[in-house]
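A short write-up of the structure that comes next.
What follows draws every value from the coordinates through simple rules; no lab data is involved. Owing to the predicted nature of the structure, the values given are computational and were not obtained by experimental measurement. Cβ placement follows ideal geometry from the backbone for every residue including glycine, while neighbour counts extend to all protein chains displayed.
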Amino acid sequence: MEFLDITSETCPMTFVKVKLKLAKMDKGQELEVILNEGEPLQNVPASCEEQGYQVLSIEEVGGGKHRIIIQK
Amino acid sequence: MTDKVEVKADKKDLTLVCFSGDFDKVLAAFVMATGAAATNRKVTIFFTFWGLNVLKKDYGRKALGKGILAKAFNFLMGGRNKLPLSRLNFGGISPYLMTGMMKKHNVATLPELIEAAHALGVRLVACEMALHILELERKDLIEEVEDVVGVATFLNESENAHIVFV
């Protein structure tokens, strides 16, 4: 499983980094992303699904941070 | 970040006309471009006039061109490290101060955004007419520039796209 923490990133690098990371991965591989609530949480999972990737889970990990698992 | 990303074209394309060579405006153009590309839109940035400074291979000041006026203009305009702030430029110090503030707040800097745009497959094209005026050639521009085009090509390619002028 690949890992990416974008909690210290701001728009637009939040979804830019996720997109570039996923582009380098193989189909079927999973990516764990830690992101903040608000804009990143609203847009990152949606944008991944648009590209045909599967969002396997979204869970809150405290402090307004969330962990999402995406399968390419 | 050299791997190109495949863009799914089920959303409306975005074409940005980057006319300005101001640091803040160019920054806004690249934020929109990378944001749109990362959210699955096909993006083209058409650089013209002052915007061409962003694409110069020499990031600093260089007297490009043949004629004395072209050389003077190119030297004074400089490359992407010399882009002025549209207000409160303070003789060119402000862009450095602004870059420092951006780093402090974890906001992507202009070079980072340009690199991200390229990695995301944002198409960078240069205006043929403006290159002529400034006596610039394709070889004076960074490799990431995909094409040198005229306004007709730009309009044809942007027929079904949002066009934003910066």
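Would you tell me the mean number of C-beta atoms belonging to other protein chains that fall within 10 Å of each C-beta in B:33-44, as a whole number?
Averaged over the peptide's residues, the number is 4.
Along the Cα→Cβ direction, 7 angstrom out, place labels at B:Tyr96 and B:Glu128. What is the inter-label distance in nm?
Modelled inter-label distance: 4.1 nm.
Hey, for a label at A:Glu32 modelled as a point 7 Å past Cα toward Cβ, could you say which residues of the range A:45-72 have their backbone N under 16 Å away?
A:56-62, A:65-72
As a quick test, which of the pairs B:Lys62/B:Lys104; B:Lys56/B:Lys82; A:Lys21/A:Lys65; A:Lys21/B:Lys25; A:Lys72/B:Lys103; A:Lys19/B:Lys42 have an alpha carbon distance above 22 angstrom in this structure?
B:Lys62/B:Lys104; A:Lys21/B:Lys25; A:Lys72/B:Lys103
May I ask you to list the aspartates and glutamates whose Cα is less than 18 Å away from that of B:Lys12, ignoring any residue fewer than eight positions away on the same chain?
A:Glu49, A:Glu50, B:Glu157, B:Glu159
For the residue pair B:Tyr59 and B:Ala28, what label-to-label distance in nm results when each label sits 7 Å from Cα along the Cα-to-beta-carbon direction?
2.5 nm
Would you mind pulling out the separation of the Cα centroids of the range B:106-166 and the range A:1-48, in Å?
27 Å
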